[in-house]
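Structure first, commentary second.
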Amino acid sequence: MATPDPVDAPFDAAEESAATLAAATGVDHHDVAVVLGSGWKPAADRMGEVVAEVPMTDLGGFPIASVLGHGSTVRSIRNGERRVLAFMGRVHLYEGHHPNVVAHAVRTAVRAGCKAIVLTNAAGGLRDGMRAGQPVLLADHINLTGRTPLLGPNDERIGPRFPDMTHAYSPRLRELARSVDPSLEEGVYGGFLGPTYETPAEVRMARVLGADLVGMSTVLEAIAAAHAGAEVLGVSLVTNLAAGITEVALDHRDVLAVAAASADRMGGLIAAIVGHI
Ligand code: 8IG
């Protein structure tokens, strides 16, 4: 059967994709999902034994592979008693997708049983003292995209009409992360639409608003997870200082180089956290 469209029927689409995932992996229940952002993919190799790996496009509801970044898969990983679902890539708003398509992975993970969602990303740092290569726990976000995956009639099967966001970034999971690595700092993530990096004036604006980091992902996924009642842990890897904070022009290749250099440490961090969730 064709998967229902996540735009019109997000709950049914997530339910169907979760059922397809269970059939394809032979694992009918997962506990924790991890969404791997730019440069974070090597982290998945340290999370445990890969039981199955499936192209995300096989699950239905995801954009075609050429958009997702070729070879985007989802892995089912055994980590002790826990079953981890690792999304080896994500859908971004700036690619032109509807917010419900951006949120489909998180909603699928929740339907697959995940009660905790780890959202990773690469981000620009703008707080004084931040440096490239530093991981930062998200304490909160500012959604500057002007979009939400909750637009339209609310489906009570997913969650409430007016979800509380006070504890969207789970204090429990942040504490757990700091118990694994006490050196972890926390920050507020400003989520922009992209795909340009900010102008220096926009970075100054973000700073005034209270952002410590800027990026182009995560906020809609966090909203979808909070709506669905899942705990969220957000982790940014600072791969560049935001525009105007540094005189150096931003280049995606530098971002990937920083991410590559940090991948092993980030992998160990996420693996250790997931093992305790
Ligand atoms: I990596 O400086 C990365 N992603 N918006 N700004 C925004 N997104 C980013 C940045 C940045 N660095």
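Please treat every number below as a calculation from the coordinates, not as lab data. Because the structure is predicted, anything quoted here is derived from the model rather than measured. Backbone-built Cβ (ideal geometry, glycine too); neighbour counts: all protein chains shown.
Counting DSSP beta bridges in the stretch 72-215, what percent are antiparallel, to the nearest 5?
On the way: 8 of 18 bridges.
Counting only bridges with both partners in the stretch 72-215, antiparallel ones make up about 45 percent.
Taking the Cβ of G129 as the center, what net charge do the other residues with Cβ under 14 Å away carry, scoring Lys and Arg +1 and Asp and Glu -1? Don't jump to the answer; show the numbers that get you there.
Details: positive: R127, R131, R207; negative: D128, E185, E186, D212.
For residues surrounding G129, the net value is -1.
Under unit Cβ charges (Lys, Arg +1; Asp, Glu -1), what dipole magnitude, rounded to 20 debye, does the stretch 161-272 have relative to its Cα centre?
Numbers: 8 positive and 14 negative charges, 39 e Å.
Dipole magnitude for the stretch 161-272 comes out near 180 debye.
What does the charge dipole of the chain about its Cα centre add up to, to the nearest 20 debye, if the Cβ of each Lys and Arg holds +1 and the Cβ of each Asp and Glu holds -1?
Working: 22 positive and 31 negative charges, 71 e Å.
Dipole size: approximately 340 debye.
Given the C-alpha centroids of the stretch 199-277 and the stretch 1-25, what is the distance between them in whole angstrom?
Centre-to-centre (Cα) distance: 29 Å.
How many angstrom separate the Cα center of the stretch 32-53 from the Cα center of the stretch 87-106?
17
Dipole of the stretch 10-274 (Lys/Arg Cβ +1, Asp/Glu Cβ -1, origin at the Cα centre): which of A139, L36, H227 lies farthest to the positive side?
A139
Toward the positive end of the charge dipole of the stretch 10-274, about the Cα centre and with charges on Cβ (Lys, Arg +1; Asp, Glu -1), which of C114, T218, N154 goes farthest?
C114
Net charge within 13 Å of T148 by Cβ-Cβ distance, Lys/Arg positive one each and Asp/Glu negative one each, not counting T148 itself?
It works out to a net charge of +1.
Which semi-axis lengths, in whole Å and largest first, follow from the square roots of five times the eigenvalues of the Cα gyration tensor of the chain? Don't skip to the end; give the middle numbers.
Numbers: eigenvalues 151, 88, 63 Å².
For the chain, the ellipsoid semi-axes come out as 28, 21, 18 Å.
Sorted from largest down, what three extents in whole angstroms do the Cα atoms of the stretch 51-206 have along their principal axes?
43, 38, 35
Of G124, G191, G146, which has the largest mean-square fluctuation in a 10 Å C-alpha GNM of the chain?
Most flexible of the set in this elastic network: G146.
Which percentage, to the nearest 5, of the DSSP beta bridges contained in the chain is antiparallel?
On the way: 17 of 47 bridges.
The antiparallel proportion sits near 35 percent.
With helices defined as uninterrupted DSSP H runs, which ones in the chain have an alpha carbon span along their own long axis of at least 20 Å and mean Kyte-Doolittle hydropathy of at least 0.0?
Working: long enough: 10-25 (22 Å, 0.31); 252-276 (33 Å, 0.77).
Going by DSSP H runs, the hits are 10-25, 252-276.
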